[in-house]
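Beneath this line is the structure, given in structure tokens, with notes to follow.
The values are calculated or read from the model by the stated rules, or taken from the named source; none is laboratory data. For clarity, every value in this text was computed on a predicted model and none was experimentally measured. Every residue, glycine among them, receives a Cβ derived from its backbone with ideal geometry; neighbour counts consider all protein chains shown. The accessibility values were calculated without ligands, DNA or RNA, using every heavy atom of the protein model including side chains. Shrake-Rupley method; radii C 1.70, N 1.55, O 1.52, S 1.80 Å.
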Amino acid sequence: MKSKKTVMIGTALVLLLTFSAGVSAASSLERIQANLNHGISFLLNGQAWTAKDANGAKAVPISYKGTTYVPLRAVAEATGADIRFDAAKQQISITTGPVAQTPGKGERSPFSVDNVSHFKWSYYTSGITRNKADLQFGETQYEAAFMVTGVNSAGQGVAFKVKDGTKKVGVLVGFKTPKSDKEYSGSYTIADKDGQAFATGKIENGTVVENVLVLPNNTTELYVKFIGPAGEDSTGYVIWDESWLEN
């Protein structure tokens, strides 16, 4: 058998892929001549290792113009990376950290920086807080929230955006006012950008209330307006802990 074999590789790749990529546009391929290099062996964490393709057969490195091309999927999986190929886009993705799982239909995902984002709406300070003192409500310590200060009888708000395709949202809202010598309460409204209200309610000082919202199609922006005691500098919160999205 001849030692030289003709192979097809993308010129932009540094590693030989073992994906089944389907039919590619001819304009993206370039014919070359390269050698299967049976003389190269692998050590993985100091131990002998054999690269294998998707069918379990030995995958041999290729030598081409002074560069060695190795089987990408085999190497990635052996070193703990997650690797995926999008045939439609002709795109390879490599993830070296924990792999985010895409929720199935009807599954809930907790609020995170990956699926909710804050944007300024109120002229008072608003944004993300992880301050423990801010997020202590009674005996419960929360970890993260959107918050807005300066809440009084004129109202202030928090605005945030959820990912496309969200069908239902569970939103925890909290409220605090500096007055502690007597009971003070506030109110809140959760609406879309056109002002259509999905939830309204009263909220006592230092408490958290949960709201479950069914979102109309293509609704991604939510506006939470808080109203507090006149002349006070109260704070409203959209608490991430136990808040969730459902697609």
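Straight-line reach from LYS52: taking Cα to Cα under 18 Å and skipping same-chain neighbours fewer than 8 places apart, the aspartates and glutamates in range are GLU77, ASP82. Computed from phi, the 3J(HN,Hα) profile of the range 135-147 under the Karplus parametrisation 6.51, -1.76, 1.60 (θ = phi - 60°) reads 9, 8, 10, x, 8, 9, 9, 8, 9, 7, 6, 7, 9 Hz, with x in place of Gly and Pro. Maximal additional length on extending the ALA197-SER112 stretch stands at 28.2 nm, based on 0.36 nm per residue less the C-alpha distance. Taking 1.002 mPa s as the viscosity and 20 °C as the temperature, the Stokes-Einstein diffusion coefficient of the range 115-190 based on its alpha-carbon Kirkwood radius rounds to 152 µm²/s.
The residues of the range 132-247 have, on average, 45 Å² of accessible surface per residue, using a 1.4 Å probe with all protein chains present. Restricting attention to the range 163-247, the count of lysine pairs at 8 or more positions apart or across chains with alpha carbons under 29 Å apart stands at 21. Between ILE32 and ASP53, the C-beta separation translates, for a Förster distance of 25 Å, into a calculated FRET efficiency of about 0.80.
A straight chain from TYR123 to THR96 at 0.36 nm per residue would run longer than the Cα-Cα distance by 5.7 nm. What the phi angles of the range 37-47 give under the Karplus curve with 6.51, -1.76 and 1.60, with θ = phi - 60°, is a coupling list of 9, 6, x, 8, 10, 10, 10, 10, 6, x, 10 Hz, glycine and proline written as x.
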